[in-house]
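Following: one structure in structure tokens, then a few remarks.
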């Protein structure tokens, strides 16, 4: 069961009954455990309490951002050029992102990532493909991070990296994926389209008032199908080392751009993938990447 399904099953209106939220997710989680009469000796106590705290941090409505395969690939290939000045809008409140399809991961073995802010820290909870839950805590400020920390490679070598429990606590690619995705959502020229699923128009003839949903699913997908073809153009041997110009692909990246009077304001700009040329030896080949949605 995906983490979103677990939350939906155990924390919908029919399950939690008349339990009222106060706006303090930590306090609400503790009160909820008392309300449901779940003992601290229960082996599922920590999972239920942490999930309750996470779910209640959203308030009445829980929002799930589901990413298509094409959108996931875009996030993983996008780099950040500048250190963020502040948290992206998505991360300034509770968030949850998940791969849309069961057989697709966000990266590595990570299927879903959620987060909330407690005091001045970002509390991140994430689920692996074997339904294990892990958590991390980061400062919501970026003064302790470097740009290379935000552009991590999504790989793990069990022979070289720390043991699994330590690795899950220390890995930085979780924060990196969330941050890149969050910036892409708000950036100018973003390649993403956000669609609220099952958001059908009401029949104007019906007088019955529609109940406010406690569950919203947003589908994130690419606004177009992008395919880069290998044209194999060569402009002849032009340099003394026998190299020739060959087409190459520059992947998309995020750039923080200053604007306004005295350049006191800033905004994120997404620069999409583009074709370029480089000098290569005759044995070099170009990697072709097809981006698609499903």
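Residue 82: in contact (Cβ under 8 Å) with a residue 60 or more places away in the chain, over 19 Å from residue 3 (Cβ atoms), outside any helix (DSSP H, G or I) and in contact with a strand residue (DSSP E or B) (Cβ under 7 Å, 6 or more places away or on another chain), yes or no? Break it down into steps so the answer makes sense when it comes.
Numbers: in contact (Cβ under 8 Å) with a residue 60 or more places away in the chain: yes; over 19 Å from residue 3 (Cβ atoms): yes; outside any helix (DSSP H, G or I): yes; in contact with a strand residue (DSSP E or B) (Cβ under 7 Å, 6 or more places away or on another chain): yes.
In short, yes.
So is residue 83 touching a helix residue (DSSP H, G or I) at 6+ places or on another chain (Cβ under 9 Å), surrounded by fewer than 17 Cβ atoms within 10 Å (Cβ to Cβ), within 28 Å of residue 220 (Cβ to Cβ) and not assigned by TED's automatic domain parsing to the domain that holds residue 190 or not?
no
Of all residues in the stretch 99-144 being touching a residue at least 60 places away in the same chain (Cβ under 8 Å) and part of a loop (DSSP other than H, G, I, E, B), which is farthest from residue 63 (Cα to Cα)?
Among those that are touching a residue at least 60 places away in the same chain (Cβ under 8 Å) and part of a loop (DSSP other than H, G, I, E, B), it is 108.
Is it true that some residue in the stretch 10-19 is over 22 Å from the mean Cα position of the chain (by Cα), within 23 Å of residue 130 (Cα to Cα) and not assigned by TED's automatic domain parsing to the domain that holds residue 126?
Taking every residue of the stretch 10-19 in turn, at least one turns out to be over 22 Å from the mean Cα position of the chain (by Cα), within 23 Å of residue 130 (Cα to Cα) and not assigned by TED's automatic domain parsing to the domain that holds residue 126.
Taking only pairs six or more apart or across chains, which ones have beta-carbon atoms under 7 Å, a first residue in the stretch 16-36 that is modelled with pLDDT of 90 or more, and a second residue that is in a loop (DSSP other than H, G, I, E, B)?
Going by the 7 Å Cβ cut-off, the qualifying pairs are 21/59; 25/57; 28/21; 28/22; 32/19; 35/19.
I'd like the full set of residues that are surrounded by 15 or more Cβ atoms within 10 Å (Cβ to Cβ) and either touching a residue at least 60 places away in the same chain (Cβ under 8 Å) or more than 19 Å from residue 180 (Cβ to Cβ) (or both), limited to the stretch 145-156.
Residues satisfying the conditions are 145, 150, 151, 154.
Would you mind finding the one in 56, 32 that is outside the structural domain of residue 216 (by TED's automatic domain parsing), buried (at least 17 other Cβ atoms within 10 Å of the Cβ) and under 23 Å from residue 218 (Cβ atoms)?
Only one candidate qualifies: 56.
The values are calculated or read from the model by the stated rules, or taken from the named source; none is laboratory data. Since we're looking at a predicted model, the values are computed, not measured. Cβ coordinates were reconstructed from backbone atoms using ideal geometry, including for glycine residues, and neighbour counts include every protein chain displayed.
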